[in-house]
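Some notes on the structure that comes next.
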Amino acid sequence: MRPFCALLALFCLSGCATTSYNPDRENGFTKKLIRGRDFVLFSRIKVNSPGEPLTVYIEGDGRAWITRYSASSDPTPSDPLVMRLASLDPSPNVAYLARPGQYPSQGASDCDSKYWMSKRFAPEVIADMDSAVTCLRDMAGAGSVSLVGYSGGGAVAALVAARRGDVAGLRTIAGSLDSDAVSSWNKVSPLKGSLNPAGIAGKLKGLPQRHFVAYNDKIIPLSAAESFADNAGDERHESITVVAGVTHYSGWETKWPGLLDIPLSK
């Protein structure tokens, strides 16, 4: 990592160190690596209208597990669903942000597996994800950001939003919005060393948001979104939309353009 970190240090932007590891563009997105305090994070960004708001899509947990009881050695998602959703977004400026440990073959951090296991929402993870959002915002010259998070990325999006004053809106897709409820539902141990989004939901009261839940999701229960909404002051759960015809993993791509048209709840 030392030669790579030296390379990153050559290019600084608003307190972030970043580099395009590959000048090629994919569907208009430029690939970037962003160095935080503890992690080097993989991202892609498309800026069509500098100065306009930026929408950041945050990746899910990826391939964190090989089996129910065995951790993966590489949590890079095998299906780039979140990147495809970002490509469908008509917003003028859009970015994709991966999680710690994902895309090590592309130069991102090859970190300890605890950061996609029990510490996937650890304070140091959220701090670096927050810094990366700032870096991407500054690349776009944007004054505000909207956050979109899928599955565990929904938890990250909520936790990051609670740290910032420039978030215009929050959307989650099958989001792990109460990690204790999700652990209980799946009959696994609670995430030791991680923050629980439900615990900070009160800080997001008044923030426009929309939480999409897959009907009969086998991985993330509806109760996770309901717990988050309750703590955010949305006792009528007006911020929650249950989506038919999708599962935790599939169907979202077809639905996404229409779901983006649903107004955020305030």
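Pairs on different chains or at least eight residues apart, Cα atoms closer than 17 Å: how many lysine pairs in the stretch 2-260 fit? Spell out each step's value before the answer.
Numbers: Lys31/Lys46; Lys32/Lys46; Lys114/Lys192; Lys119/Lys192; Lys187/Lys218.
Lysine pairs, 8 or more places apart or on different chains, close enough: 5.
Remark: the stretch 197-210, residue by residue, has Karplus-estimated 3J(HN,Hα) of x, 4, x, 10, 4, x, 6, 9, 4, x, 7, x, 8, 8 Hz, where x stands for each Gly or Pro and the curve is 6.51 cos²θ - 1.76 cosθ + 1.60 at θ = phi - 60°. Residue by residue, the stretch 145-152 carries 3J(HN,Hα) couplings of 10, 10, 10, 10, x, 9, 6, x Hz when phi is fed to the Karplus relation 6.51 cos²θ - 1.76 cosθ + 1.60 (θ = phi - 60°); x denotes Gly or Pro. Among Lys46, Lys114, Lys31, the residue with the largest mean-square fluctuation in a Gaussian network model of the chain, with springs joining Cα atoms closer than 10 Å, is Lys114. All other residues whose Cβ lies under 10 angstrom from that of Phe42 are scored, Lys and Arg at +1 and Asp and Glu at -1, for a net of +3.
For the listed peptides 156-166, 181-191, a ranking on the average number of other beta carbons within 10 Å per residue, highest first, reads 156-166, 181-191. As a proxy for reagent exposure, Asp178, Asp89 were ordered by neighbouring Cβ count within 10 angstrom, fewest first; the result is Asp89, Asp178.
The structure shown yields percent of Cα pairs over 30 Å apart, and of the options (i) 36; (ii) 28; (iii) 21 that calculated value carries the label (iii).
Quick one: among Glu226, Glu59, Glu235, which has the greatest mean-square fluctuation in a GNM of the chain with alpha-carbon springs under 10 angstrom? The residue with the greatest mean-square fluctuation here is Glu235.
With neighbours defined as other Cβ atoms within 10 Å of a residue's Cβ, the residues Thr55, Thr30 order from fewest to most as Thr30, Thr55.
No value in this document is a laboratory result; all are computed from the given coordinates. Keep in mind that this is a model prediction, so the values were computed, not measured. Cβ atoms come from the backbone with ideal geometry, glycine included; neighbour counts cover every protein chain shown.
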